[in-house]
Amino acid sequence: MRGLLPVLLIVAAAAGVTACGADKTAEERNTYADQVNRAQSDFAQSFKSLSKRITRTTTPSRGRRTLQGFEDAVDNVVVDLRRIDAPSDLQPLHRRLIGEIAGYGRAIHRAKLAFATASPQRILRAQSALVSSTTEISARINRTIAAINRRLQAKT
């Protein structure tokens, strides 16, 4: 879980924009970026706090509870992101971002099922698979965020 990278959007300043429509567009885009940043920040805080609970001596029972906390954090950020009204040109990227973050939840759920078996071998395989999955998902999320940032900067 420590491989989770923060997902921050760049808010481009709309300095020098004089047309009313352009001001409104810049305001919408800045509001969008602020809302995504807020949702991501809450998500990152939850992950950081939960990550501290996983150690080499974590029992299967405690591991399941911690993984449930991760799953809940993913569910919450997905709900938060779905509530955000993305500008029309960002909607496909926004939906992709939501889907990618939801991927964390699916990966976590698979690990949680393995922890429920209490089989040390299955738990170790699940931990390894979870690290691999979250690394891959984080890379996809970072690419999507970069695309969102490029689009936000291009329009301001």
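The values are calculated or read from the model by the stated rules, or taken from the named source; none is laboratory data. Since we're looking at a predicted model, the values are computed, not measured. Virtual Cβ from ideal backbone geometry, glycine too; neighbours counted across all protein chains shown. The protein model used for the area step is the full one, side chains on, heavy atoms only, and it has no ligands, DNA or RNA in it. Shrake-Rupley method; radii C 1.70, N 1.55, O 1.52, S 1.80 Å.
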Legend entry - Elements of type helices (runs of 4 or more DSSP H) contained in segment 46-156, each with 3 or more residues being of a type in the set (Ser, Thr, Tyr): 120-154
Inset, instruction - State which residue is farthest from the chain's Cα centre (by Cα) when the search covers only segment 36-49 and only residues that are open to solvent by 60 Å² or more (accessible area, probe 1.4 Å) and closer than 15 Å to residue 79 by Cα. - result: 38
Legend entry - Any pair with Cβ under 6 angstrom, 6 or more apart, that starts in segment 64-90 at a residue that is more than 30 Å from residue 118 (Cα to Cα) and ends at one that is not basic (Lys, Arg): 80/39; 81/39; 81/98; 84/35; 86/32; 86/94; 87/28; 87/32
Inset, instruction - Answer yes or no: is there a residue in segment 109-118 that is under 18 Å from the mean Cα position of the chain (by Cα) and under 30 Å from residue 30 (Cα atoms). - result: no
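Within segment 25-39, is even one residue within 21 Å of residue 98 (Cβ to Cβ), assigned to a helix (DSSP H, G or I), at pLDDT 85 or above and among the β-branched types (Val, Ile, Thr)? Even if it seems obvious, please write down each step before you answer.
Going through segment 25-39, the residues within 21 Å of residue 98 (Cβ to Cβ) turn out to be 28-39.
Imposing the further condition that a residue be assigned to a helix (DSSP H, G or I) reduces the set to 28-39.
Narrowing the set further to residues that are at pLDDT 85 or above leaves 28-39.
With the extra rule that they be among the β-branched types (Val, Ile, Thr), the set shrinks to 31, 36.
Within segment 25-39 (the criterion being within 21 Å of residue 98 (Cβ to Cβ), assigned to a helix (DSSP H, G or I), at pLDDT 85 or above and among the β-branched types (Val, Ile, Thr)), the answer is yes, since at least one residue qualifies.
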Inset, instruction - Hey, can you tell me all the residues within segment 91-108 that are in contact (Cβ under 8 Å) with a residue 12 or more places away in the chain and closer than 26 Å to residue 31 by Cα? - result: 93, 94, 96, 97, 98, 100, 101, 102, 103, 104
